Amino acid sequence: MQSYIKRGIEQTILSVSQSYSAVIVTGPRQVGKTTTLRQLAPNRRYVTLDDIESRQLAQKDPELFLSLNPAPLLIDEVQYAPQLFSRIKIAVDSGAAPGAYWMTGSQTFRLMELAQESLAGRAAILRMTSLSQHEIYGSGELQAFKVDLPSLQSRVACGAKADTAEQYSRVWRGSMPGYVSGKFPQREVFYGSYLNSYIERDIGDMQSRVDSLQFSDFIRAAACRVGQLLNTHDIALDVGVSDDTAKRWLLLLEKSGVIFYLRPYSNNLLKRAVKTPKLYFFDTGLVAHLTKYSSAEILINGAINCAILENYVVAEILKSYSNLGIEPIAHYYRDRDGKEIDLILEYDGELHPIEIKKSASPPTEIVSAFKVLDSAALPRGTGAVICAKPELSAIDRGTAIVPAWAI
């Protein structure tokens, strides 16, 4: 049975709409951008540029398009008619009411470019993700993930407990609203259709003459490497394309929000740090589908079981920021001496190291690498180990042990 799942970004959308005449919501295909906006304002005029006639009019005569569709207006897939942005700029400069124009688009980078060209300083740009663990399973309001004790206690109070089996069920199910809400209950059909639609539409719009079967193999090869240092050459070899083609295709995946990277943390005081980014997918359900894990029970013992859990945790933490309209400062650390930190959050003038483990009883020595940040430019703050331990605990005053169900 289909049901609407309340989104954490809703209040952020309403809040910025009180100050900005134009609000742009970007994010990967089918994460619920249009559904959420229409839920927030069911009587607002709605036009989708997926409709060819509407798109052609918007492209050929944007002034007439906006006259026929007066504000307050929701324009879906606005990147298909960049001609609209200059006309919306004129409307904003002429005193358009706060929240007059809501726009969505699934080509994040393209929308950012268009907004910076025509609506710089005039539009609020929000990034919407797929559903967070808290939106699906939790309750109450949550803030951005932080590792101080009061914040963690608040998260535990709002979370829904899960043992290791249930946690991997969440990882395997993923976070796509269409599947999680029950609208499309056949999981493999849903993800298969999603990929076909994504390749035909988003990839086809961004680059012509892409072999769809080869690109499908390429996405699958990338999914096999979540949580790893990016090795473009190895992915290219797996698929039989050149390194240059692999770089272009990875950029397409990043531009459309299917993958994202964690950049390495380094400065002049940490000269042995590696410089290669780590690769992640926005949805672990998509990763499980691509890597052919047919159940959570198989995934929990599979070759990518640790990497996909890391992907899940990193993505969930970043969602907690984007839902509030905050761009998080997040890195990882690895050096040539073998020291590694899965995630480093920078906030309040400090670096907060985080280690992610499948085990319910991770050894305390796994946080020894945290000390490398004592040589960084910013002071080291409290850290955390996120793992399968059922309750909130601590290694010491500076390092919390956080159950994965509470992120």
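The values are calculated or read from the model by the stated rules, or taken from the named source; none is laboratory data. As the structure is a prediction and not an experimental result, all values here were calculated from the model. Glycine gets a Cβ as well: all are built from the backbone with ideal geometry, and neighbour counts include every protein chain shown.
Residues in region 382-399 that are of a type in the set (A, V, I, L, M, F, W, C) and crowded, with 22+ Cβ neighbours inside 10 Å were compared, and the one that is nearest to residue 359 (Cα to Cα) is 387.
Taken over region 30-63, the criterion of being closer than 19 Å to residue 114 by Cα and either within 17 Å of the chain's Cα centre (by Cα) or loosely packed, with under 15 Cβ neighbours inside 10 Å (or both) is satisfied by 33, 50, 56, 60, 61, 63. Residues that are under 13 Å from residue 281 (Cβ atoms), in the same structural domain as residue 354 (by TED's automatic domain parsing) and among the aliphatic types (A, V, I, L, M) do not occur anywhere in region 321-343.
Quick check, is residue 152 assigned by TED's automatic domain parsing to the domain that holds residue 394, crowded, with 21+ Cβ neighbours inside 10 Å and either of a type in the set (A, V, I, L, M, F, W, C) or outside any loop (DSSP other than H, G, I, E, B) (or both)? Considered against the rule, which asks whether it is assigned by TED's automatic domain parsing to the domain that holds residue 394, crowded, with 21+ Cβ neighbours inside 10 Å and either of a type in the set (A, V, I, L, M, F, W, C) or outside any loop (DSSP other than H, G, I, E, B) (or both), residue 152 comes out as yes. Suppose we filter region 97-122 for residues that are out of contact with any helix residue (DSSP H, G or I) (no Cβ under 8 Å at 6 or more places or on another chain) and either under 18 Å from residue 44 (Cα atoms) or of a type in the set (A, V, I, L, M) (or both); how many remain? Final tally of qualifying residues: 5. Among residues of region 366-395 that are assigned by TED's automatic domain parsing to the domain that holds residue 316 and closer than 22 Å to residue 150 by Cβ, those with a Cβ under 6 angstrom from a residue that is modelled with pLDDT of 95 or more and of a type in the set (Phe, Trp, Tyr), sequence gap 6+ or separate chain, pair up as 383/370.
Name the strands (runs of 3 or more DSSP E) wholly inside region 227-340 in which the number of residues that are small (Gly, Ala, Ser) and at pLDDT below 95 is 1 or more.
Numbers: elements: 259-264, 278-281, 329-334.
Counting at least 1 such residues, we get no strands (runs of 3 or more DSSP E) at all.
Taking into account only those residues within region 1-29 that are surrounded by 14 or more Cβ atoms within 10 Å (Cβ to Cβ) and basic (Lys, Arg), which is farthest from residue 319 (Cα to Cα)? Here the answer is 29. Looking across region 202-219 at every residue that is over 24 Å from the mean Cα position of the chain (by Cα) and under 13 Å from residue 246 (Cβ atoms), the one that is surrounded by the most Cβ atoms within 10 Å (Cβ to Cβ) is identified as 210.
Screening the candidates 358, 339 for the property of being within 18 Å of residue 312 (Cβ to Cβ) and either surrounded by 14 or more Cβ atoms within 10 Å (Cβ to Cβ) or of a type in the set (A, V, I, L, M) (or both) yields one hit, 358.
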